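Heads up: the structure comes next, in C-alpha cells.
Each reported figure results from applying straightforward, stated rules to the coordinates on display, with no laboratory input. Everything numeric in this text was worked out from a predicted model, so none of it was measured. Note that we place each Cβ from the backbone using ideal geometry, even for glycine, and neighbour counts take in every protein chain shown.
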Amino acid sequence: MRYPVLVLAAFLTWAGWAAAEQVATHDFFRLTQTVSRSVSTPGAWRYTVAPRTKEARAYWEAAVESWRRSLRIGLRVKMGAFEVVRTEKGLRLLPLCAEVHPGCFSRPGLPAGLQGWKMDLVLLDLHNTLDLALADAKKHAKPYPATVTLSKFLRFTVHSDGRIELTPYGWKP
C-alpha cells in the first residue's frame, strides 16, 4: 500500500519541477570587448557591460534609478565586491564583500511585476560579469588605461598601476 503512495508523491514532485519556470542564473548581462583603433589611443581596450534581454533591462533600470538617487543624496551604493561612494571630488570605489552574496547589494525598490528573488540573480550575474570585465581590463591596461562601461550608470577607468577611477555614465550626480 505504501509503494503506490510513494510513486504518486514522486510523480507529483517531478511534475512540479517540470512545470516550474526554468531560471538561468547567468546570461542576464552581456560583456562586449573592443580594441581602439584611433590614432590617439591605439590598442586601448574598452569593455561594455549591459543587460542582455528585455527582462534583464527592466530589473537593471529599476536598480540603476534607485542607485543614482542614492548617490545623489549622498548614500553609498553596495555593488557586490565593492561599494560606490560620492565624495567632493567625485565617485570612489571601496572594497565591500570578499565573498559576494545577495546581502552585498543595495536593494532597489521594484515596480509591480518584478520579483525580488529574480533581482538577486540579476545582481549576482552583474557582479560576475563586472568582475570578469575589471579583471580583464587590469591585464590590458597598458600602455593606455582600459575602460569598463556599466550601462547607463558608471564608467571605470582602469590604469596600469591597478588604480580604478569612477565617473558617472549617462547621468549627473
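Counting alpha carbon pairs within less than 8 Å and at least 6 residues apart, what relative contact order, in whole percent, applies to the range 24-168? Mind dumping the intermediate values first?
Values: 263 pairs, mean separation 38.4, N = 145.
26 percent.
How far apart, in nm, are the 7 Å Cα→Cβ label points at Lys172 and Thr87?
For the pair Lys172/Thr87, the computed spacing is 2.3 nm.
Roughly how many debye, to the nearest 20, is the charge dipole of the range 24-168 about its Cα centre, given +1 on each Lys and Arg Cβ, -1 on each Asp and Glu Cβ, and no other charges? If you can, show how the numbers build up before the last one.
On the way: 22 positive and 13 negative charges, 93 e Å.
About 440 debye.
Let me make sure I get this right: for the range 24-168, a, b and c are the square roots of the gyration tensor eigenvalues over alpha carbons, sorted descending. Under 1.5 in a/c it's rounded, otherwise prolate if a/b > b/c, else oblate. Which is it? Present the calculation step by step, with values, prior to reporting the outcome.
Numbers: a/c = 1.91, a/b = 1.46, b/c = 1.31.
In terms of gyration-tensor shape, prolate.
Report the trypsin sites (Lys or Arg not before Pro) located in the range 32-82 that are in a DSSP loop and have at most 10 other Cβ atoms inside 10 Å of their Cβ, or state none. Mind dumping the intermediate values first?
Values: sites: Arg37, Arg46, Arg52, Lys54, Arg57, Arg68, Arg69, Arg72, Arg76, Lys78; in loops: Arg37, Arg52, Arg76.
Answer in residue order: Arg37.
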